[in-house]
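The values are calculated or read from the model by the stated rules, or taken from the named source; none is laboratory data. Because the structure is predicted, anything quoted here is derived from the model rather than measured. Positions of Cβ are generated from backbone atoms using ideal geometry, with glycine treated the same way; all protein chains shown enter the neighbour counts. These accessible areas exclude ligands, DNA and RNA; they are computed on the full protein's heavy atoms, side chains included. Shrake-Rupley method; radii C 1.70, N 1.55, O 1.52, S 1.80 Å.
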Amino acid sequence: MNLLKVRADDLDSRRKGRVLAILLLGIESALVVLTVLNVIYGETQYYLTNATLISIVLGLYLLNRSGFVRAASLLTLALCAATPLLLVDESITGAYMAMVIPVLVGSSLLAPWVGIAVAALMVVFAFLFGIASLTLVMLLPIAALAYLFAQSVQTAEDRYRSIFENASEGICRSTPEGRLLLVNPAMADIFGYASPGEMVSSVRDIASGLFVDPGQWDRLIGLLEERDSLSGAEGLARRKDGREIWCSLSARATRDASGNITGVEGFVDDITERKAAEEAMREARELAEAASRAKSEFLANMSHEIRTPMNGIIGMTDLLLDTKLDEDQREFAETVRSSGEGLLAILNDILDFSKIEAGKVTIENTRFDLGREVEEVVALMGGRASAKGLELVSYLEPGLPAAVRGDPFRLRQVLTNLLSNAIKFTGEGEIVVKTGPVREVAGTVEVRFEVTDTGIGITRDQQEHLFEAFSQADASTTRRYGGTGLGLAISRQLVELMGGRSGWRASPVPAAGSGLPCRSRSWRRARCAPRGRTSGTSEPAA
């Protein structure tokens with residue numbers, strides 16, 4: 001393939017140069033064979049002619065290889081057209097038949113009309129020399145076919161050239177050593193050159209001329225040696241004016257018959273704006289994360305600092321209530337205590353939520369009695385339920401393991417939140433806590449905790465926000481029932497930290513007003529290990 005290399009600047013000249021090189025090598029081979037035959041048969045009168053023709057064709061081949069394709073094409077056409085006139089009469093018909101070659105050369109390398117013109121001229125000479133024949137006249141149809149062939153080649157070439165020159169991304173071809181052979185206008189524009197020709201002539205070495213890090217070209221060639229192509233490689237490049245830009249490169253290696261890389265074809269895209277946008281997004285994300293961390297730390301610190309004196313206020317109020325007070329004083333003191341307890345509950349929620357967001361909550365893995373923990377939470381909340389005239393029922397399903405391993409404190413916290421919610425939003429009726437096993441897989445028990453109430457319910461539009469932070473049904477709910485809207489959000493996050501999932505079910509109940517209120521049913525599925533086993537970590541199905 002090295003015999004067909006043409007050192008031309010543009011793609012079209014190199015393509016035509018390769019075609020001409022094939023023709024010239026074919027003519028040269030024919031002349032060498034003819035010379036050998038003349039030597040064998042002792043035709044000494046042809047020695048000088050053969051040597052002269054071999055030298056001329058070799059010179060034309062070297063001229064074409066140096067990049068002077070058009071000049072070599074014209075001289076080849078002239079040589080092929082004139083050679084038959086120098087031969088003796090008995091050889092002129094055969095020589096004219098060989099002129100199919102210049103017809104094809106003229107058609108494909110110079111212009112389509114050249115082939116018809118040369119063919120017509122050959123026919124005229126054939127009649128003048130009296131050697132016209134049907135075979136010779138067939139040169140005109142041959143030239144016409146060559147014209148059509150050249151036209152189809154030209155159409156395909158124009159289509160390719162249009163894609164190449166109008167592509168929005170840079171296209172280039174180079175040697176493995178890093179010398180540019182071909183670039184399209186987009187490539188020249190990306191690197192700040194006025195034209196592809198200027199860029200090819202100015203950039204002598206891709207490694208030092210285009211890359212900020214010269215070693216990047218060697219690494220690219222090393223990757224192409226291993227896998228023939230690469231896509232989306234990013235790196236810093238340098239424009240003509242010295243400005244650095246980010247580029248994305250996709251490349252493919254071309255190889256010879258021995259598997260050696262003979263060239264590199266690449267596609268280059270300027271991604272400087274995209275990288276700037278990514279950097280801005282990264283900085284914005286880091287600022288947002290830093291602000292979130294600062295907020296969480298602030299909330300945690302402030303909650304802790306406020307909770308300490310609040311405990312003192314509640315404690316002193318309890319002591320005050322143990323003293324002799326008149327009716328008004330006792331009412332005022334009880335109001336202070338209940339308000340303090342409400343504020344302390346809010347502070348505890350904020351502190352827990354901040355710890356969870358900051359990732360500072362750890363889940364323990366200790367042995368405990370599951371049924372007893374549930375019953376203790378129900379007993380703890382029973383007083384509040386009775387005060388509102390509600391029936392609080394706990395039901396432990398058969399098959400529930402007596403002892404498991406997990407985090408009893410967080411389990412109590414979740415159940416307390418769910419029951420507090422149920423009591424708060426239930427005016428009459430009952431609240432049922434149901435606990436039962438779902439299944440046991442590989443020593444891990446999946447347990448379902450379900451809290452059902454007959455409360456005010458929520459509309460369908462509000463259900464999807466049930467477990468979001470600082471979310472309640474509407475503003476009137478907050479004013480009437482109080483709270484921060486953090487209880488269910490904290491419960492959901494704690495359940496997920498323990499490897500479970502939280503959810504809700506709703507059943508329609510008759511009610512007045514717009515929308516369709518629903519009974520809220522919240523539950524939790526957790527995985528616990530029976531006594532003596534290690535708890536599993538796989539996610540349960542909800």
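Screening residue 197 on (1) over 14 Å from residue 174 (Cβ atoms); (2) of a type outside the set (A, V, I, L, M); (3) open to solvent by less than 70 Å² (accessible area, probe 1.4 Å); (4) in a strand (DSSP E or B) shows it passes everything except condition (4). In the set 455, 487, only one residue is modelled with pLDDT under 85, closer than 18 Å to residue 356 by Cβ, touching a helix residue (DSSP H, G or I) at 6+ places or on another chain (Cβ under 9 Å) and surrounded by 16 or more Cβ atoms within 10 Å (Cβ to Cβ); that residue is 487.
Residues checked against (1) modelled with pLDDT of 85 or more; (2) within 24 Å of residue 361 (Cβ to Cβ); (3) over 43 Å from the mean Cα position of the chain (by Cα):
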site	(1), (2), (3)
395	yes, no, yes
408	yes, yes, yes
443	no, no, no
460	no, no, no
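So which of 441, 447 ends up being on the phi < 0 side of the Ramachandran plot and buried (at least 17 other Cβ atoms within 10 Å of the Cβ)? 447 is the lone residue from the list that is on the phi < 0 side of the Ramachandran plot and buried (at least 17 other Cβ atoms within 10 Å of the Cβ). Among the residues of segment 252-294, which ones are in contact (Cβ under 8 Å) with a residue 40 or more places away in the chain and open to solvent by 60 Å² or more (accessible area, probe 1.4 Å)? Hits for segment 252-294 are 257, 267, 269, 270, 293.
The number of residues in segment 238-261 being assigned to a loop (DSSP other than H, G, I, E, B) and either within 18 Å of residue 212 (Cβ to Cβ) or in contact with a Lys or Arg (Cβ under 7 Å, 6 or more places away or on another chain) (or both) comes to 5. When you check residue 299 against the structure, is it at pLDDT 85 or above and either surrounded by 12 or more Cβ atoms within 10 Å (Cβ to Cβ) or hydrophobic (A, V, I, L, M, F, W, C) (or both), yes or no? So residue 299 fails the test. Scanning segment 394-436 for residues that are open to solvent by 50 Å² or more (accessible area, probe 1.4 Å) and outside any helix (DSSP H, G or I) yields 395, 396, 397, 398, 399, 402, 405, 427, 428, 430, 434. Residues considered: 29, 13, 55. Of these, the only one that is within 58 Å of the chain's Cα centre (by Cα), among the hydroxyl-bearing types (Ser, Thr, Tyr) and over 26 Å from residue 171 (Cα atoms) is 29. Residues that are within 21 Å of residue 272 (Cβ to Cβ) and out of contact with any helix residue (DSSP H, G or I) (no Cβ under 8 Å at 6 or more places or on another chain) within segment 192-209 comprise 192, 208, listed in sequence order. Filtered by the rule that a residue be open to solvent by 10 Å² or more (accessible area, probe 1.4 Å), under 18 Å from residue 269 (Cα atoms) and not in a loop (DSSP other than H, G, I, E, B), segment 162-194 gives 163, 164, 165, 166, 171, 172, 173, 182, 185, 186, 189, 190. Looking across segment 262-297 at every residue that is among the small types (Gly, Ala, Ser) and part of a strand (DSSP E or B), the one that is nearest to residue 252 (Cα to Cα) is identified as 266. Here residue 354 fulfils each of the conditions (1) polar (S, T, N, Q); (2) open to solvent by 60 Å² or more (accessible area, probe 1.4 Å); (3) assigned to a helix (DSSP H, G or I) apart from (2). Residues of segment 201-210 include none that is closer than 17 Å to residue 270 by Cα, open to solvent by less than 40 Å² (accessible area, probe 1.4 Å), touching a residue at least 60 places away in the same chain (Cβ under 8 Å) and outside any loop (DSSP other than H, G, I, E, B). Residues in segment 352-363: is at least one within 50 Å of the chain's Cα centre (by Cα) and among the basic types (Lys, Arg)? Yes, segment 352-363 contains a residue that is within 50 Å of the chain's Cα centre (by Cα) and among the basic types (Lys, Arg). Residues in segment 39-56 include none that are modelled with pLDDT under 85, open to solvent by 60 Å² or more (accessible area, probe 1.4 Å) and under 30 Å from residue 179 (Cα atoms). If you go through segment 323-351 and pick out every residue that is farther than 30 Å from residue 296 by Cα and either in a helix (DSSP H, G or I) or touching a residue at least 60 places away in the same chain (Cβ under 8 Å) (or both), you end up with 9. Among the residues of segment 312-351, the ones that are loosely packed, with under 13 Cβ neighbours inside 10 Å and of a type in the set (S, T, N, Q) come to 3 in all.
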